[in-house]
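**Q** Here it is, the structure in full.
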Amino acid sequence: MFRFGSRKDVNCEFKCGIRLLDDNEVLQTEFKREQKGQFLLDFVFKSLNLIERDYFGLRFVDQNKQRNWLDPTRSIIKQVKGVDPIVFCFRVKFYAADPSLLKEEI
């Protein structure tokens with residue numbers, strides 16, 4: 001059996017908060033149902049003017065209290081299904097083996 005949604009569902013926007021590294025500052029943004037995780041990562045990188053993007057990621061806690069990294073290739077809404085409110089934490093995912101090779105001091 002097929003289930004048809006309304007056009008309103010397609011353009012629905014979801015709100016989320018993104019806690020930065022120090023947990024004091026929170027960025028607020030909206031995303032659409034079809035947008036992938038890369039959209040949120042690009043939003044944070046642009047907001048922080050970051051060049052070194054490979055070392056960071058967004059983490060969230062699912063309904064089973066498990067920490068998960070947001071997959072940039074998958075739909076955001078499918079990954080955070082059942083999570084309310086939607087809150088991500090901007091965290092260091094990898095540490096550089098040789099920090100002197102980093103382009104940015106920060």
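The values are calculated or read from the model by the stated rules, or taken from the named source; none is laboratory data. Note that the coordinates shown come from a computational prediction; the quantities given were computed from them, not determined experimentally. All Cβ positions, even for glycine, are placed from backbone atoms using ideal geometry, and neighbour counts span all protein chains on display. Remember, those area values only see protein heavy atoms, side chains included, never the ligands or the DNA or RNA. Shrake-Rupley method; radii C 1.70, N 1.55, O 1.52, S 1.80 Å.
**Q** Scan the stretch 72-86 residue by residue and report those that are open to solvent by less than 50 Å² (accessible area, probe 1.4 Å) and over 19 Å from residue 12 (Cβ atoms).
**A** Matches in the stretch 72-86: 72 only.
**Q** So the check is Cβ under 8 Å with 6+ separation or different chains; which pairs have a first residue in the stretch 21-47 that's open to solvent by 80 Å² or more (accessible area, probe 1.4 Å) and a second one that's of a type in the set (Val, Ile, Thr) and part of a helix (DSSP H, G or I)?
**A** These pairs meet every condition: 33/10; 33/77; 34/10; 36/76.
**Q** Looking at the stretch 1-99, what helices (runs of 4 or more DSSP H) fall wholly within it and have at least 1 residues that are modelled with pLDDT of 90 or more and in contact with a helix residue (DSSP H, G or I) (Cβ under 9 Å, 6 or more places away or on another chain)?
**A** Working: elements: 7-10, 37-48, 76-79.
Counting at least 1 such residues, we get 37-48, 76-79.
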